[in-house]
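What follows is one structure encoded as structure tokens, with my remarks underneath.
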């Protein structure tokens, strides 16, 4: 069997879906030496870093290609019924799309797509109605086109069925794996001390509930805020104006560290040395930062909604993300209760090790083989 994989987002994005696309493609190639692979990216602007990342997929049974196609043109071409892409896939028998953007409506060969979340359906105002309607509409069409759909959690599967009416028989649940951080920074960023800060990791967008976290943090006693500053790690997202306005409030500003995006080495050190990892998101398709923090033995506070209980298992303290007082009480409890924190840390490591990229790759390969066998 010859499998084509569109790894564009693995090359152009560093967090979230980009990380998923890289890890799942890399591990598919690692576990499978029998099938042939065509790994391709459609990024228009190249760089040393992008080329080096694409080279990481090299293997005996892998051919790598890059097409110079701008993102907007790709979205248009992939959304037409013309089979442009087939000309370049060299008799591939199945296309694996790590997100709905990579599904090509003009291809006649089977396609398998991963759906990560239903954010544009459930929170249309956060990306803007026009953008959300366009992306939600594309998701529906993509799910009709694909022979099989991989959902990253049971929560996402249920949302997908409810919101699109897709046949549940097309869906396989494949949990993402835990990233292995190869290296860890020798020291924390300047101004931070081990076991003396609260950490939150996430793109700056409303769904991550950073404003809610800041409001909850502001309710903590002054002595706790003084001892345990709040460190927020994440790249710029969308509709983040209110988040930045909260950052600038004088009563919070002196207790906040906003790092922006950091390297994996620094992120690993932050996970390892934080007192509490706070992730009170309003909605997640899975929640990779939760299991990443758990793998370092962090005491995790997260939301009791969507997929987060699936990710956190028994290794987290759960709160209502819409109740700022409950978030504050949870933070205060974790900061001060040594026994609770110790127990959560122990269960966190055990829970995180349930999620393996090798397992995700095997289940994904089985899905790809299913559609080829059927056709």
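Just so you know, all these numbers are worked out from the coordinates, no wet-lab data involved. Here the structure is a predicted model, which means the values were calculated and not measured. Cβ sites come from the backbone with ideal geometry, for glycine too, and all protein chains shown count toward neighbours.
Couple of notes before you dig in:
- Helix 154-164 vs. the chain, principal-axis angle (Cα, 0 to 90°, nearest 10): 60
- Working from label points 7 Å from Cα in the Cα-to-Cβ sense, the residue 353 to residue 304 distance is 2.9 nm.
- Values of log10 I(q)/I(0), in the order q = 0.15, 0.22 Å⁻¹, for the stretch 28-132 under a Debye, Cα-only, solvent-free model: -0.78, -1.33
- Between residue 346 and residue 81, the simple label model (points 7 Å from Cα in the Cβ direction) yields a spacing of 6.2 nm.
- The helix-based estimate of mean residue ellipticity at 222 nm for the chain, built from -39,500 (n - 2.57) per DSSP H run of four or more residues and divided by its residue count, is -12500 deg cm²/dmol to the nearest 500.
- Whole-percent pair-distance distribution, where bins are 10 Å wide, for the alpha carbons of the stretch 199-351: 12, 45, 38, 5, 0
- Potential lengthening of the chain between residue 56 and residue 1 amounts to 17.6 nm, from the contour at 0.36 nm per residue minus the alpha-carbon distance.
- Förster radius 41 Å - calculated FRET efficiency between residue 88 and residue 219 (Cβ-Cβ, nearest 0.05): 0.15
- Alpha-carbon geometry of the chain: the Rg and the Dmax are 21.1, 65 Å, given in that order.
- Evaluated at q = 0.11, 0.13 Å⁻¹, the base-10 log of the normalised Debye intensity for the stretch 281-356, with identical point scatterers placed on the Cα atoms, takes the values -0.24, -0.33.
- With Cα atoms, 0 to 90° folded angle of helix 17-31 axis to the chain main axis: 60
- In percent, rounded to a whole number, the relative contact order of the stretch 198-352 is 25, using alpha-carbon pairs under 8 Å and six or more apart.
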